[in-house]
Amino acid sequence: MALKTPEEYKASLSSMRPNVYKFGELIKDVTTHQSTRYTVEGHARIFQAQNEDEHREIYTTTSHLTGEPISRYLSIFRSPEDMIANSKMKRLTFQLTGTCTGGRCAGWTAMNALFASTWDIDDAEGTEYHQRFLEWLKDAQARDITMAGALTDPKGDRTLAPHQQADPDMNLHIVERHDDGGVTVRGAKVMICGVAAANELVVMPGSAYGPDDADWCVAFAIPRDAEGITIIEARHPSDDREAGCSCDDDFDLPVKGGGITQAYILFDDVRVPAERVFMRGEWKYTRNSIMYFIGPYRAAIGACVAGQGDVMRGAAALMARANGLDEKVFTEKLNQMAINNETTFGMGIASAVMGKQHPSGAWLCDPLLSNVNKIHVARLPYETKVLAQDIAGGVAETGCMPSYVDFTDEGYGELLQKYMGAAVDGETRVRIARLVEWLTIGAGVPGCMHGGGSPDGAKMFIRMFSDLNGDMERAKDLAGIDKDVPKPEKKKRN
Ligand SMILES: Cc1cc2nc3c(=O)[nH]c(=O)nc-3n(C[C@H](O)[C@H](O)[C@H](O)COP(=O)(O)OP(=O)(O)OC[C@H]3O[C@@H](n4cnc5c(N)ncnc54)[C@H](O)[C@@H]3O)c2cc1C
């Protein structure tokens, strides 16, 4: 069954074994529970979009494996055009949902990284991971599943390799290799987006590892509700709003189609069958597999935050009007917001266009440009948020607005509505201000700094891929210098 409807998607989640907890409670049905239903709704909007004439072209594509129509989130990037479509879809998805739908994009990118790295392992080692991966992927496409991507380990002491940690479980590792090619794994993956909204998890190493870390080099796909997996949803700044939300019309939680969630995934001796194992100790290939992840992820995240910026810009301009001001008063600030949005979007597109083909057929984004984009993504959206708050005023900055319950109270509600009003009625003004608050200090904030890895990590790659020696040689030529300009010897202090 390809191309599910939102209802079919939600039914697929409802039928899973309950294994998601929050505040000590086992969530029986993630599609209806207050803590998880908003993230499910955000992801369901994608299923709606793929069935809409207006959006079908961007949300769907043709499987290069079966020739069938599939969700783009289950496709392999095989050309610059595929990556450009990825960026466009991510931007549009934030515009449609007003939130992060990380239960799809991280898993999609991890799946693409495994497409190329399983090919590499087989090519060098004579294994059969790639074919195995393709069989799993064909099935995933036919079932139109949603996959969270789990790379980040708890890590423990950041200066120590996995095998040096006092507790080996600080990074997910193999505890048993089965004769048939399967594995049993133990450990955790943390800060994983949209897990409650996912049918499966795509798991891969979060870093490059050496020979002593072979047991930590494991990649696989597994149903989110597999035996031995427990999910703990993290506490979230909007929790009290979710709990207080009285009906779908109230404005305490401004984005009903969304709600970012992040989770701890605990793997308690989880058995992964051979047909779902895509790396089992091949440490030499972890460096490239992580590179295959960060290339497209750091390119396309620029589009996601651009979509976030588009919504902020629109909401800020609306707030100006709601306050009785022509948005022209803020032309320069609104323009700067557009510049920020287009910078991260455009950098991602450039990284796609400047990429190259991997022998497997995967399209690899340009690593220098995608890592440069990560630096912009960790900076420009914050500037955009400051501008949105600047334009929108104190209510949006602080979120100092009455709850919907108070706003509609029979006694004092009418007065609150009067005093919240300006050039528009009080409810309209509160709805706009809540959206700005949500995007600037609520769910819109995370994801820019560390999502897809830390900016300092990206700077390391920028040093690696930018050709300083070449730049120095060219500068020497232009300056007419034909002798060596040696690197200074390390000077010893007395
Ligand atoms: C919104 C959001 C969504 C996310 N979603 C996902 C997801 O879906 N799937 C997933 O797998 N992960 C996800 N993550 C996790 C993300 O990948 C990590 O946050 C990121 O890789 C950084 O790791 P960390 O948070 O453990 O930071 P740390 O590793 O603790 O880094 C903190 C700081 O210390 C620096 N540092 C770390 N180690 C060293 C060292 N040895 N030497 C010098 N400096 C060091 C880093 O550069 C950084 O500045 C998400 C994160 C966010 C914020």
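The values are calculated or read from the model by the stated rules, or taken from the named source; none is laboratory data. Treat the numbers as computed from the prediction; the structure is a model and nothing was measured. Note that we place each Cβ from the backbone using ideal geometry, even for glycine, and neighbour counts take in every protein chain shown. Protein only, heavy atoms only, side chains kept; ligands, DNA and RNA dropped before computing areas. Shrake-Rupley method; radii C 1.70, N 1.55, O 1.52, S 1.80 Å.
Looking at this model, which pairs from LYS189/LYS385; LYS88/LYS328; LYS28/LYS138; LYS155/LYS189 are more than 20 angstrom apart at the alpha-carbon? With Cα atoms farther than 20 Å apart: LYS189/LYS385; LYS88/LYS328; LYS28/LYS138. Taking every protein chain into account, the accessible area of the range 57-122 amounts to 27 square angstrom per residue (probe 1.4 Å).
What number comes out for the charge environment of ARG17, summing +1 per Lys or Arg and -1 per Asp or Glu over other residues with Cβ under 11 Å away? Result for the local shell: 0. Protection proxy ranking of 317-324, 261-268, by the mean of other Cβ atoms within 10 Å over each peptide's residues and highest first, is 261-268, 317-324.
Ranked by solvent-accessible area (1.4 Å probe, protein heavy atoms only, all chains present), the residues GLU383, GLU57, GLU81, GLU200 order from largest to smallest as GLU57, GLU81, GLU383, GLU200.
Here the label points at ASP167 and GLU68, each 7 Å from Cα along the C-beta direction, are separated by 4.3 nm in the simple model. Relative protection proxy for 295-304, 333-342, 18-27, 411-420, from highest mean packing down: 295-304, 333-342, 18-27, 411-420 (other beta-carbon atoms within 10 angstrom).
Among residues other than GLY442 whose Cβ falls under 9 Å from its Cβ, what is the net charge (Lys/Arg +1, Asp/Glu -1)? If you can, show how the numbers build up before the last one.
Details: positive: ARG241, ARG434; negative: GLU437.
Value of the local net charge: +1.
Look at the dipole of the chain built from charges on Cβ: of ALA274, LEU416, GLN165, the Cα furthest out on the positive end belongs to GLN165.
Helical runs (DSSP H, four residues minimum) scored at -39500 (n - 2.57) apiece and divided by the length of the chain put the mean residue ellipticity at 222 nm at -15000 deg cm²/dmol.
What is the sum of charges around PRO162, taking Lys and Arg as +1, Asp and Glu as -1, for the other residues whose C-beta is under 14 Å from the C-beta of PRO162?
On the way: positive: LYS155, ARG158, ARG186, LYS189; negative: ASP153, ASP157, ASP167, ASP169, ASP212, ASP213, ASP215.
Charge balance in the 14 Å sphere: -3.
For a straight C-alpha distance cut-off of 17 angstrom, the aspartates and glutamates reachable from LYS483 (same-chain residues fewer than eight places away being disregarded) are ASP471, GLU473.
Sorting check: for 45-52, 96-103, which peptide has the highest mean count of neighbouring beta carbons within 10 Å, and how do the rest follow? Walk me through the numbers on the way to the answer.
Working: 45-52: 19.0, 96-103: 26.4.
Highest mean packing first, the order is 96-103, 45-52.
For the chain, the relative contact order comes to 16 percent (Cα pairs under 8 Å, sequence separation of at least 6).
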